[in-house]
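Visitor: The structure that follows is given in the form of structure tokens.
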Amino acid sequence: MTDAPYVPLRPIPIKDRSAIVFLEYGQVDVIDSAFVLIDKNGARVQIPVGGLACLMLEPGIRITHAAVTLAARVGCLVVWVGEGGVRVYAAGQPGGARADRLLWQAAAALDETARLKVVRAMYAVRFGEAPPGRRSVDQLRGIEGVRVRTMYQQLARIHGIEWKSRRYEPDEWDAADIPNRCLSAGTACLYGLSEAAILAAGYAPAIGFLHRGKPLSFVYDIADVFKFESVVPVAFTVAARIARGELDSRDAERHVRIGCRDAFRQTSLLERIIPTIGGLISASELTPPDEAPEGQPPALPEPSSGDAGHRR
């Protein structure tokens, strides 16, 4: 009897993965080749890290070098966040291996004409109609702000909740009202998912078009495109149920996360994000750069992976 030939594992493409998992209070490690969460009593819960797009680590979590290494190898983004997932302290980088897409994105962002075309495409995808003509990026941003405020008010009326305005103070999380807390929790989920998709596709989270000057500018751009079809309805539904006494307000963030997880799966959000990113940047009418003629092939062959931007 001969041994079967060795076949290296190939990371699962991002579109085929489950969206996101939050972990708190325990140690994350690799034991017997399994990625596990160990609680204070020694109980182990296996985490299918290879089938996840993003893993959120909240305060109370310790993670070993072996666990971080395995997450990077299978292309799962690891993000260290604050309580409730409302602050990002650090993030792993499983992507970023496609220089051509990084250069294409940067070229479109640096060319003001191309940038405006991308922003207009974002507006069209988000609101389902073309933006007004002959408007600058700043003017489109103002128009967008008015429409967003109106959409919040309309959804609040539909769900029967009291809505004042969008207010978020990371240093005073408990001071926010329930609708705002629910929205912040849902938005954190969407940011994590969007960043994982951006990295998996080989783009840069910091190079934004509508948002500029932040480490996650492009994450905010992409998340805003999908925000009102995904996390906002979930957040307002949870807030309405809390107002009716059906849910405990102390578990608001947990209920929002579960709702977002289900909404991401039901709408096949992961399958749509990466093609949408490519379509938006294509609206710049710039073509991806060709390989440099003086470029040399790698000395060692590079293994293939599940997505274009995955880095082994």
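Visitor: Taking into account only those residues within segment 228-242 that are small (Gly, Ala, Ser) and assigned to a helix (DSSP H, G or I), which is farthest from ILE12 (Cα to Cα)?
Guide: ALA240
Visitor: Also: Can you tell me how many residues within segment 243-263 are touching a helix residue (DSSP H, G or I) at 6+ places or on another chain (Cβ under 8 Å), part of a helix (DSSP H, G or I) and farther than 22 Å from GLU229 by Cβ?
Guide: Going through segment 243-263 one residue at a time, the tally reaches 2.
Visitor: Let me ask something else about it. Just one of the numbered conditions (1) assigned to a helix (DSSP H, G or I); (2) surrounded by 15 or more Cβ atoms within 10 Å (Cβ to Cβ) is not true of PRO205; which one?
Guide: Result: PRO205 passes all but (1).
Visitor: Limited to segment 208-220, what total is found for residues that are surrounded by fewer than 24 Cβ atoms within 10 Å (Cβ to Cβ) and either part of a helix (DSSP H, G or I) or not assigned by TED's automatic domain parsing to the domain that holds TYR123 (or both)?
Guide: 2
Visitor: Would you tally the residues in segment 105-127 being surrounded by 15 or more Cβ atoms within 10 Å (Cβ to Cβ), without any contact (Cβ under 8 Å) to a residue 60 or more places away in the chain and closer than 15 Å to ARG212 by Cα?
Guide: Number of matching residues: 1.
Visitor: Another question, if that's okay. Report, by residue number, each residue of segment 264-286 that is under 16 Å from the mean Cα position of the chain (by Cα) and either of a type in the set (Lys, Arg) or assigned to a helix (DSSP H, G or I) (or both).
Guide: Scanning segment 264-286 gives PHE264, ARG265, LEU269, LEU270, GLU271, ARG272, ILE273, ILE274, PRO275, THR276, ILE277, GLY278.
Visitor: Checking ALA197 against (1) more than 28 Å from HIS255 (Cβ to Cβ); (2) part of a helix (DSSP H, G or I), which test does it fail?
Guide: ALA197 satisfies all of (1) more than 28 Å from HIS255 (Cβ to Cβ); (2) part of a helix (DSSP H, G or I) except (1).
Visitor: Can you name every residue in segment 18-61 that is among the aliphatic types (A, V, I, L, M), assigned to a loop (DSSP other than H, G, I, E, B) and out of contact with any Phe, Trp or Tyr (no Cβ under 9 Å at 6 or more places or on another chain)?
Guide: Across segment 18-61, the qualifying residue is only ALA43.
Visitor: How about segment 114-147: which of its residues are small (Gly, Ala, Ser), in a loop (DSSP other than H, G, I, E, B) and over 20 Å from ILE207 (Cα atoms)?
Guide: Those that are small (Gly, Ala, Ser), in a loop (DSSP other than H, G, I, E, B) and over 20 Å from ILE207 (Cα atoms): GLY128, ALA130, GLY133.
Visitor: β-branched (Val, Ile, Thr) and within 27 Å of GLU271 (Cβ to Cβ): which single residue out of ILE198, ILE158 fits that description?
Guide: From the options ILE198, ILE158, the qualifying one is ILE198.
Visitor: Suppose the filter is over 23 Å from ILE143 (Cβ atoms) and touching a Phe, Trp or Tyr at 6+ places or on another chain (Cβ under 8 Å); does ILE198 pass it?
Guide: In short, yes.
Visitor: Among (1) surrounded by 11 or more Cβ atoms within 10 Å (Cβ to Cβ); (2) touching a helix residue (DSSP H, G or I) at 6+ places or on another chain (Cβ under 6 Å), there is one condition ALA130 misses while meeting the rest; what is its number?
Guide: Checking ALA130 against (1) surrounded by 11 or more Cβ atoms within 10 Å (Cβ to Cβ); (2) touching a helix residue (DSSP H, G or I) at 6+ places or on another chain (Cβ under 6 Å), the one that fails is (1).
The values are calculated or read from the model by the stated rules, or taken from the named source; none is laboratory data. Just so we're clear, the structure is a prediction, and the values are computed from it rather than from any experiment. Methodologically, a virtual Cβ is constructed for each residue, glycine included, from the backbone with ideal geometry; neighbour enumeration extends over all protein chains shown.
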